[in-house]
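Input: a single structure, listed below in structure tokens.
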Amino acid sequence: MTKLEIETGTIGVKSSKVQRVPVMAAPLRKQVANNLRTAIIEGRFRPGERLKEAELCSWTGVSRTAVREALRQLEAEGIVDNIPNQGPVVAQVSPDEARQHYDVRAVLEGLAARSVAEEITEPQIKELLKLKRELDRAFKTGSVEKVLGFKNLLDEFLMSICSNVVAKGFVDVIRARLSYLRPIVLSQPERLRENAVEVHAIIDAIVKKNPQAAWNAAVNHVNKGAKATLKVLEQLAAASTRQAALDAEAALRAKRPRGRPRRDSQPSNPVGRVTV
């Protein structure tokens, strides 16, 4: 994803959901997995959506073997589920799973922010402040798509500085698993405003090279995001339960013989039967 795509609003409108894989020295499996992970993080696939091998081969320009190996890697990371009689699909998370992911993510992102605050250079600070100004403009537009685009650029920039490669790797996996919820949560106006304040706190602490403040700001940002996300997940789960009950009732009605009224649907007799 490029800055131009964010500014022009062309994210996700390409005919291909996944970028083609260039010929490079790195293993094809790794390149395909990276492309697929990015596509999932950026919301080009819906949770539960099937990942069809033929389409992935066409989009990435690689063989079925490379695609299958990449899918197995993403399945091991928990980003993809392999459903019997259906095949690989984009993974979904329950409220309880999300809570556990956020607990771990808070620690990892705190570590990453602290590491960046300790190691950032003056040229990198200038680049970070430039990203902050661009993100501010995105927040002012109220466009969730633009905000997410620049937040992704900010995340990539900070992680490129972070020397803790273990934390960086796990953060990428957790973000990918929860990525489909980000647009839903940020669509809430109050959460968009809170997000701007929280991100400012992280950037300001890093610019001041204050590791502890960076840790605190990052952990607070993740915890606030967790609270908002869990609220959304609970609402989605409740809506899904209600819909399942309605579907079951509709299926039951469809099975009943037509023209024969249900006994329990007849009105109660207000007079009472007469015994002869």
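In the stretch 160-189, the residue that is farthest from the chain's Cα centre (by Cα) out of those that are closer than 16 Å to Glu145 by Cα and loosely packed, with under 15 Cβ neighbours inside 10 Å is Pro189. Considering only the stretch 222-245, I want to know if a residue exists there that is surrounded by 15 or more Cβ atoms within 10 Å (Cβ to Cβ), under 16 Å from Ala98 (Cβ atoms) and in contact with a Pro (Cβ under 7 Å, 6 or more places away or on another chain). Within the stretch 222-245, one or more residues are surrounded by 15 or more Cβ atoms within 10 Å (Cβ to Cβ), under 16 Å from Ala98 (Cβ atoms) and in contact with a Pro (Cβ under 7 Å, 6 or more places away or on another chain).
Rundown of residues vs (1) open to solvent by less than 70 Å² (accessible area, probe 1.4 Å); (2) modelled with pLDDT under 85; (3) not in a helix (DSSP H, G or I), yes/no style:
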{"residue": "Ser16", "(1), (2), (3)": "yes, yes, yes"}
{"residue": "Gly43", "(1), (2), (3)": "yes, yes, yes"}
{"residue": "Glu75", "(1), (2), (3)": "no, no, no"}
{"residue": "Gln92", "(1), (2), (3)": "no, yes, yes"}
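Being open to solvent by 20 Å² or more (accessible area, probe 1.4 Å) and touching a Lys or Arg at 6+ places or on another chain (Cβ under 7 Å) is a property that does not hold for Glu198. Of the residues making up the stretch 49-78, those that are touching a Cys at 6+ places or on another chain (Cβ under 9 Å) and either within 14 Å of Ala39 (Cβ to Cβ) or small (Gly, Ala, Ser) (or both) number 3. All conditions in (1) free of Cβ contacts under 8 Å to residues at least 60 places away in the same chain; (2) hydrophobic (A, V, I, L, M, F, W, C); (3) open to solvent by 40 Å² or more (accessible area, probe 1.4 Å) hold for Phe139, with the sole exception of (3). Residues that are under 14 Å from the mean Cα position of the chain (by Cα) and part of a loop (DSSP other than H, G, I, E, B) do not occur anywhere in the stretch 138-152.
All of Ser163, Ser143 fail the test of being touching a Ser or Thr at 6+ places or on another chain (Cβ under 8 Å) and hydroxyl-bearing (Ser, Thr, Tyr), apart from Ser163.
If I filter the stretch 111-131 for residues that are open to solvent by less than 70 Å² (accessible area, probe 1.4 Å), free of Cβ contacts under 8 Å to residues at least 24 places away in the same chain and in a loop (DSSP other than H, G, I, E, B), do I get at least one hit? Within the stretch 111-131, one or more residues are open to solvent by less than 70 Å² (accessible area, probe 1.4 Å), free of Cβ contacts under 8 Å to residues at least 24 places away in the same chain and in a loop (DSSP other than H, G, I, E, B).
The values are calculated or read from the model by the stated rules, or taken from the named source; none is laboratory data. Worth saying up front: this structure is predicted, and the values here are computed from it rather than measured. Here Cβ is always computed from backbone atoms with ideal geometry, including for glycine, and neighbour counts include all displayed protein chains. We work out accessible area using only protein heavy atoms, side chains counted, and drop any ligands, DNA or RNA first. Shrake-Rupley method; radii C 1.70, N 1.55, O 1.52, S 1.80 Å.
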